[in-house]
1. Counting partner chain Cβ atoms within 10 Å of every residue's Cβ in B:79-92, what's the average?
2. Between B:Gln117 and B:Ser200, how high is the FRET efficiency from 1/(1 + (r/R0)^6) when r is the Cβ-Cβ distance and R₀ = 30 Å? Nearest 0.05.
3. Hey, can you grab everything whose amide H is under 5 Å from the amide H of A:Ala226? Only 5+ residues off in sequence or another chain; H modelled, so Pro and N-termini drop out.
4. To the nearest 20 debye, what is the magnitude of the charge dipole of the stretch A:191-323 about its Cα centre, counting +1 on the Cβ of each Lys and Arg and -1 on the Cβ of each Asp and Glu?
5. Averaged over every viewing direction, what's the projected area of the C-alpha convex hull for the stretch A:1-68? Give it in nm², one decimal, please.
6. For A:Cys154, A:Cys232, B:Cys205, what ranking results if the residue with the fewest other Cβ atoms within 10 Å of its Cβ goes first?
7. Once you average over the residues of B:56-68, how many Cβ atoms of partner chains fall within 10 Å of each Cβ?
8. Starting with the fewest neighbours, write out A:Asp320, B:Asp123 ranked by other beta-carbon atoms found within 10 Å of each beta-carbon.
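Values quoted throughout were computed directly from the atomic coordinates according to the rules given, and no laboratory measurement underlies them. If you're wondering where the values come from, they're calculated on a predicted model, not measured in any experiment. Cβ atoms come from the backbone with ideal geometry, glycine included; neighbour counts cover every protein chain shown.
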Amino acid sequence: MSALTARIAQDYAAAELPDAQAAPRRTALEALATCGLPTSRDENWKYANLRALERLRFVPAAGGAAVDPAALPAPIPGFTRYVFVDGRFAPALSAAPGAAFARLQGGAAAAAVRPADGDARFALLNQAFATDGARLQLPAAAGRQRLEILFLACTDSAQGSSYPRLEVSLGPDAQLDLIERHAGAAGAAPFVNSAVDIALGRGAVLTHYRLQELPPRSTHFDTLTATLAARCGYHLHAIATGAQAARSTQLVQLAGEEAHLTTALAALGDAQQVQDAYARIEHAAPRARTEQLFRGIAAGRARVAFNGKVVVAAGAAGTDSQQSLRGLLAGAQAEIDVRPQLEIYTDDVRCSHGATAGKLDDNMLFYLLSRGLERQVALRLLKWAFLADAFARIEVPELRRQIEENLAGVLQDRALKELL
Amino acid sequence: MTAPGSALLRIENLHASVAGKKILNGLSLSVGRGEVHAIMGPNGSGKSTLASVLAGRPGYEVTAGSVSFEGRDLLALPPEERARAGLFLGFQYPVEIPGVNNVYLLKAAVNAQRNTQGLPEVDAFDFLTLVREKMQLMRMEDSFLSRGVNEGFSGGEKKRNEILQMLVLEPKLALLDETDSGLDIDALKVVAGGVNRLRSPERSCVLVTHYQRLLEYVVPDFVHVLVRGRIAKSGDRTLALELERRGYDWVTGEAA
């Protein structure tokens, strides 16, 4: 047992979780004791900032942090909002639980994390410690629902950690638009370990907007697993601008034929930020389609990494997979790593990928300058344009407005002068 | 041509090189207010280099000579300040910028200029009315406004877009770098109509072109022939016709 897993076991004992002996928790804890958390020596973790783990306290934050409702992001019209503070449900800030939303309390978190999956180990940590969570469940053919789950992190990691948990299960042909937002108190330095588990039934459609807007001193580890049945659609839009060190792991299996996955991810890093993401998409059934897009910008001394792996299993004939991964280097000391990977075990497939990492185009910049635009404005505009692909297809106007406003703020305030 | 004091643009003994290769070799030219000059010349004579140097494109090194614009040292200004001072470069190869839409660029450009002049930002409604009017002139569809800058445009659409930008920005000096290249006759007429629209006693134009075809529609006051980085011959519009008849060899032979 490593020093880290020993500390986890110690904190687990200290946490005095009421259902500490419940099977899902114990299973997760034991699996962690065996396999440990990833280290930078692990192939898919070399860009993540794992040092933050050395300092924090794994015990769940006590809860009860005061949140000013006026400080929350503006509500999105048509979406019903549920709020969690430090991983705990906050009824005073939330809509009344309805048919689609249920609270997951204590060790009831039953999602089957495959312990054999080395890249899902942070989900085990969540499963061991999460005290609360949201379960969104829609029955077969449920008409389109629109929900927002807002996870706020307000407590510093020295006091305790935040374990947001979200389980989504859509019956056949059900439809859900889901906003999942991670934000927090401005000055806080929380540790947030989120786990999202998604199961989509045959013909179901999930449009999932994920916004990672955590305060600048946060550490975020995130694991998303999704299983797609036949002919279902999963459309993921993820935008990561916050936290000091962030790592998102996405493990998606297209398990049914003709399932359709689109993912559009944007990540921005500046100063000393680390934005690391790993996506493994497994085509396990015939004629499924994936379109994966990534746009990342690294400024200052930031590191922005995206590793996108597509695995086409034997028997997944007729797979169609496209990857477009682009990184923009916006600082002399910044780092961009974009890496597409393909593993194909069948013949009849169409897989394409493009990956680039570079600077802004000099010709584009000169064109804008020649029209009289200030250099700073031109640079900002080009960065905006670079990211635009990643949020162009967001069809919720108010959400899109908030995203654009946030990005404009991020692009404006940060050190742009280092560019080029 | 023009009395030295009143020239809008005054280029003297300009030498410039690209990647260590000398392209301009002592070029001198004065452009007065309201004048239209055509600069012709064989491939590689330095026509586009001249346009790029004047607009401030990076990668061009001026090794000697001077350029003044309304009495200011043009070469000391960064490209965006040259533009705001009233210089407009129509690109030979307009750049595609996906994700930045046309109307946004036009508005940002107009506001940058107004800001320099101490004017408030343009009213959004008035601005759109103005742009639509100019678009009609350039026979451009309304949908163009929300498209990315030059994104997926045909060659002709790109050139029309350059002229549209020029009409909206109303520069003191328009420098059009082979705006006629790659245009069919209908598009050429539209582009020429746009250029003529801007002609006035205050505004000047330098047309860089390989063929005299454009000059049938935009009649220049002066024609210059550039050979090996300097002006080898100047004249009025009949010089262009003579060039057409006799070919560039006629001038390059003389200049040798």
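1. Numbers: counts 11, 11, 3, 3, 6, 4, 1, 1, 2, 3, 4, 1, 4, 0.
For this peptide, the per-residue mean of nearby foreign Cβ atoms is 4.
2. Values: r = 18 Å, r/R0 = 0.61.
Computed FRET efficiency for B:Gln117 and B:Ser200: 0.95.
3. A:Ile198, A:Leu251, A:Val252, A:Gln253
4. Numbers: 12 positive and 10 negative charges, 34 e Å.
Dipole of the stretch A:191-323, to the nearest 20 debye: 160 debye.
5. Working: hull surface 26.0 nm².
Mean projected area for the stretch A:1-68: 6.5 nm², to one decimal.
6. Values: A:Cys154 21, A:Cys232 28, B:Cys205 25.
Taking fewest neighbouring Cβ atoms as first place, the list is A:Cys154, B:Cys205, A:Cys232.
7. Other-chain Cβ atoms within 10 Å of each residue's Cβ, averaged: 1.
8. Working: A:Asp320 15, B:Asp123 10.
Ordered from fewest to most neighbouring Cβ atoms within 10 Å, A:Asp320, B:Asp123 come out as B:Asp123, A:Asp320.
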